[in-house]
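Undergrad: Structure below; questions to follow.
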């Protein structure tokens, strides 16, 4: 399969798009986790030095860690979705572009044939799952 054309521009192949998307999502996730670490550190330090748990809880709540943790959780979901899409694009590249059978692709990827079939089906459907 060759890249499609959109408005006179060649669109990159699915595998290229999915790899780039995962890179972007990983950067975003890393940023969220860094912020979460910074928000948790004061409470962790307070607890490690023997602070009263109530005081450490106050530090934790004041740091905004709860809201930051929710944002990090959403970023993890985004990462999981991007990874699932990349796995489908890899299977699509092996099956559609290189002509591999599901069995051969399964062996190459260390997956079951059923998993390869499902990933390929999701890839062909554009993975409409949330």
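Values in this text are rule-based calculations from the coordinates and carry no lab data. If you're wondering where the values come from, they're calculated on a predicted model, not measured in any experiment. Cβ atoms come from the backbone with ideal geometry, glycine included; neighbour counts cover every protein chain shown.
Undergrad: Expressed as an acute angle from 0 to 90° and rounded to the nearest 10, what is the orientation of the C-alpha long axis of helix 65-92 relative to the principal long axis of the chain?
TA: Value to nearest ten degrees: 10.
Undergrad: Something else: Taking 7 Å along the Cα-to-C-beta vector as the label spot, tell me the residue 107-residue 26 distance in nanometres, rounded to one decimal.
TA: Taking the two extended label points, one gets 2.9 nm.
Undergrad: A further question follows. Given 10 °C and 1.306 mPa s, how large is the Stokes-Einstein diffusion coefficient of the stretch 1-120 in µm²/s, with Rh as the Kirkwood radius over Cα pairs?
TA: Estimated diffusion coefficient is 91 µm²/s.
Undergrad: Relative to the first principal axis of the alpha-carbon coordinates of the chain, what is the inclination of helix 53-62, with its axis defined by its Cα atoms, in degrees from 0 to 90 and to the nearest 10?
TA: Long axis of 53-62 versus the principal axis of the chain: about 60 degrees.
Undergrad: Another question about this same structure. For 101, 49, what's the fewest-to-most ordering of other Cβ within 10 Å of each Cβ?
TA: In increasing order of surrounding Cβ atoms, one gets 49, 101.
Undergrad: Enter the angle in degrees (range 0 to 90, nearest 10) between the Cα long axis of helix 14-48 and the first principal axis of the Cα atoms of the chain, meaning the one along which they spread out most.
TA: 10
Undergrad: Next question, about the same structure. Helix-only mean residue ellipticity at 222 nm, the chain, DSSP H runs n ≥ 4 weighted -39,500 (n - 2.57), per residue, nearest 500. What is it?
TA: -24500 deg cm²/dmol
Undergrad: Pick from 47, 85, 33: which is most flexible by mean-square fluctuation in a GNM of the chain where alpha carbon atoms under 10 Å apart are linked?
TA: Its mean-square fluctuation being the largest, the pick is 47.
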